[in-house]
Amino acid sequence: MFRLAVLLRNAAEPVVKVSTQDAIAILTINRPKQLNALNKEVSDTLIQELIKCDQNPALSVMIITGVDRAFVAGADIKSMLKLEGYTDALRHDDLSALRTGLPTIRKPIIAAVNGFVLGGGCELAMACDIIVASEKAKFGQPEVKLGILPGMGGTQRLPRVIGKAKAMEWCLTGWQYTAEEAERAGLVSRVVKHEELMPTALKIATTISQQSQITCRLIKQAINGSQETTLSMGLQYEADLFAATFATKDRKEGMSAFAEKRTPVFKNE
Ligand code: CAA
C-alpha cells in the first residue's frame with residue numbers, strides 16, 4: 001500500500017522537475033514541504049538527470065534551482081535521525097551518488113539560488129560552477145547545531161572559496177548569511193532581485209551555450225583543476241589545454257569570425 005502511494009506520488013509529482021529551453025536544461029528540486037531537503041530519492045534522481053543532460057548532445061548547460069522558498073535546506077534531517085552509529089551512517093550514505101557524481105559532470109552547471117541554501121544545499125551550490133543568488137537567499141552551514149559537521153564538501157570547498165577564517169565562522173557558528181554577504185565573500189557570482197533570478201541564470205546559460213562547447217568543457221576542466229594542484233602544475237596544464245584548442249575547427253572559426261568582423265558559428269568540432 002505504502003509502495004503504491006509512493007509510486008502514485010512519483011507519477012504525479014517528480015522530486016526533480018526537468019524542462020529544457022533551447023540548449024539549456026532546468027532541473028528544479030521539488031520537495032516543498034521539506035524545503036527541498038535532500039533525501040536519497042532527490043539525490044539519486046538529481047544526479048541521474050544531470051548525467052542524462054551531460055550525455056545529451058542537444059544540451060549545453062544545466063541550471064539547478066528549487067521550488068518555493070528554498071533552494072535546498074540541507075540533507076534530510078529526519079532521514080538521518082534514525083541512523084545509529086558509524087557503520088549505519090556509512091551504510092546509509094544517502095547522498096553518496098550526488099557527492100561522487102557531481103564532480104564528473106563535464107558541462108557547466110549554474111545554481112540559481114532562490115531561498116534557503118543551507119548545509120547540503122550550500123554544498124550542492126558550491127559543487128556547481130556558477131552561483132547566481134536571489135536577494136532572498138539565505139546561506140549557511142548549520143550542521144554544527146545538529147551535532148554533525150558538513151558532509152558534502154562544506155569543510156573542503158568553503159575554505160577554498162571564502163578563506164579559512166570565514167569558513168571557520170560559518171561552520172563553527174552555524175549562522176545564516178545574506179546573499180550580499182555571500183557575494184562579498186566570493187561565493188556567489190551575482191545577486192539579483194528575486195524576479196530576475198531565472199532570467200539572469202538563463203541569460204548566463206544562453207551566452208555559454210553560444211560558445212564552443214569543446215572550449216567550455218576545457219575551461220571548466222582547467223578551473224576545477226586549479227583547485228586541486230600547485231600554481232606551476234596548473235599553469236602547465238592550462239598551457240597544454242590552450243594548445244589543444246588549436247586542434248579544433250571552432251578555434252579556427254572563432255578567430256576567422258573576429259578577423260572578418262562577424263559572429264562566429266561554433267559547431268563543437
Ligand atoms: N530536513 C528535513 N526537513 C526539513 C529540513 C531538513 N533539512 N529543513 C526543513 N525541513 C522541514 C521542517 O521540518 C518543516 O517540516 P514540518 O512542517 O513537517 O515540520 C518544513 O520543512 C518547514 O520548515 P520550518 O517549519 O522549520 O520552516 P522555517 O521557515 O521556520 O525555518 C529553516 C526554515 C531555517 C530552513 C529551518 O527549517 C531549518 O533550520 N532547517 C534545517 C536546516 C539545516 O540544519 N540544514 C542542514 C541539514 S544537515 C546537512 O545538510 C548535512 C550535510 O552537510 C550533507
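Pairs Lys40/Lys145; Lys78/Lys193; Lys52/Lys166; Lys203/Lys267: which exceed 30 Å Cα-Cα?
Details: Lys40/Lys145 22 Å; Lys78/Lys193 32 Å; Lys52/Lys166 36 Å; Lys203/Lys267 20 Å.
Lys78/Lys193; Lys52/Lys166, as the Cα separations exceed 30 Å there.
Considering only protein heavy atoms, what per residue accessible area in square angstrom results for the range 150-269 with a 1.4 angstrom probe? Walk me through the intermediate numbers first.
On the way: 7820 Å² over 120 residues.
Heavy-atom SASA per residue in the range 150-269 reads 65 Å².
The chain: D in µm²/s via Stokes-Einstein (Kirkwood Rh, Cα pairs, 20 °C, 1.002 mPa s)?
Working: Rh = 19.7 Å.
D, rounded to a whole number, is 109 µm²/s.
With all protein chains present and a 1.4 Å probe, how do Glu269, Glu143 order by accessible area, largest first?
Details: Glu269 95, Glu143 15 Å².
From most exposed to least exposed: Glu269, Glu143.
Across the range 229-235, in residue order, what do the Karplus-derived ³J(HN,Hα) couplings come to in whole Hz, using 6.51 cos²θ - 1.76 cosθ + 1.60 with θ = phi - 60° and x for Gly and Pro?
Using θ = phi - 60°, the values come out as 9, 7, 4, 5, 5, x, 5 Hz.
Just by accessible area at a 1.4 angstrom probe, what is the order of Asp22, Asp44 from largest to smallest? Show your work: numbers first, answer last.
Details: Asp22 145, Asp44 35 Å².
Greatest to least solvent exposure: Asp22, Asp44.
Do me a favour and compute the ellipsoid semi-axes for the range 3-156 from its Cα gyration tensor, root of five times each eigenvalue, largest one first, whole Å. Walk me through the intermediate numbers first.
Working: eigenvalues 111, 67, 50 Å².
Semi-axes, largest first: 24, 18, 16 Å.
Can you give me the P(r) profile for the range 179-269? Cα pairs, bins 5 angstrom wide beginning at 0, each as a whole percent.
With 5 Å bins starting at 0, P(r) equals 3, 12, 14, 16, 17, 16, 13, 8, 1.
Lys/Arg Cβ at +1, Asp/Glu Cβ at -1, dipole of the chain taken about the Cα centre: which of Ser96, Thr248, Ser43 is farthest positive-ward?
Going by the charge dipole, the pick is Thr248.
Calculate how many DSSP beta bridges within the chain are antiparallel, expressed in % of all such bridges and rounded to the nearest 5.
Numbers: 9 of 31 bridges.
So the antiparallel bridges amount to about 30 percent of the total.
Just the number, please: carbon plus sulfur as a percent of the accessible area of the chain, 1.4 Å probe, no ligands or DNA/RNA counted.
Numbers: 8830 of 15120 Å².
Taking all protein chains in place, the chain shows 58 percent carbon and sulfur surface.
With θ set to phi - 60° and the Karplus curve 6.51 cos²θ - 1.76 cosθ + 1.60, what are the ³J(HN,Hα) couplings of the range 57-67 in order, to the nearest whole Hz, using x for Gly and Pro?
x, 7, 10, 10, 9, 10, 10, 10, 9, x, 7
Calculate the dipole size of the chain relative to its Cα centre from +1 charges on Lys and Arg beta carbons and -1 charges on Asp and Glu beta carbons; express the result in debye to the nearest 20.
Details: 33 positive and 29 negative charges, 47 e Å.
Approximately 220 debye in magnitude.
Using alpha-carbon pairs under 8 Å, 6+ residues apart, how would you state the relative contact order of the chain in percent? Don't skip to the answer; put the middle values down first.
Working: 457 pairs, mean separation 40.4, N = 269.
15 percent.
Looking only at Gly120, Gly186, Gly85, which one moves most when the chain is put into a Gaussian network model with springs between Cα atoms under 10 Å?
So, out of Gly120, Gly186, Gly85, the one fluctuating most is Gly85.
Please give the solvent-accessible surface of Tyr237 in Å², to the nearest 10, using a probe radius of 1.4 Å with every protein chain present.
90
Taking the Cα centre as origin and putting +1 on Lys and Arg beta-carbons and -1 on Asp and Glu beta-carbons, what dipole magnitude results for the range 212-260, to the nearest 20 debye?
On the way: 5 positive and 6 negative charges, 24 e Å.
Taking the Cα centre of the range 212-260 as origin, the dipole is about 120 debye.
Quick check: convex hull over the Cα atoms of the range 131-212, volume per residue in Å³, rounded to an integer? Let's see the in-between values first.
Numbers: hull volume 8.6 nm³, N = 82.
Dividing the Cα hull volume of the range 131-212 by its residues yields 105 Å³.
Say each of Lys193 and Arg91 gets a label point 7 Å from the Cα, pointing the same way as Cα to Cβ; how far apart are those two points in nm?
Reported label-point gap for Lys193 and Arg91 is 5.4 nm.
Per residue, what volume in Å³ does the Cα convex hull of the range 11-90 take up?
Value for the range 11-90: 114 Å³ per residue.
Could you work out which residue, out of Thr87, Thr207, Thr28, moves most in a Gaussian network model of the chain, that is, has the largest mean-square fluctuation with Cα springs under 10 Å?
Its mean-square fluctuation being the largest, the pick is Thr87.
Order His194, His92 by their accessible area, 1.4 angstrom probe, all chains in place, largest first. Display every interim value, and only then the final one.
On the way: His194 60, His92 90 Å².
Order by accessible area, largest first: His92, His194.
If we count every other residue with Cβ under 12 angstrom of Arg217's Cβ, Lys/Arg +1 and Asp/Glu -1, where does the sum land?
Once positives and negatives cancel, what remains is 0.
Where does the range 212-260 land on the Kirkwood hydrodynamic radius, alpha-carbon pairs, in angstrom? Could you put the intermediate results ahead of the total?
Numbers: mean 1/r = 0.0862 Å⁻¹.
Kirkwood radius, the range 212-260: 11.6 Å.
The values are calculated or read from the model by the stated rules, or taken from the named source; none is laboratory data. Every value quoted in this text rests on a predicted model; they were computed, and no experiment measured them. Here the Cβ is made from the backbone with ideal geometry for all residues, glycine too, and neighbour counts use every protein chain on show. Accessible surface is based on the protein model in full, side chains and every heavy atom, while ligands, DNA and RNA are left aside. Shrake-Rupley method; radii C 1.70, N 1.55, O 1.52, S 1.80 Å.
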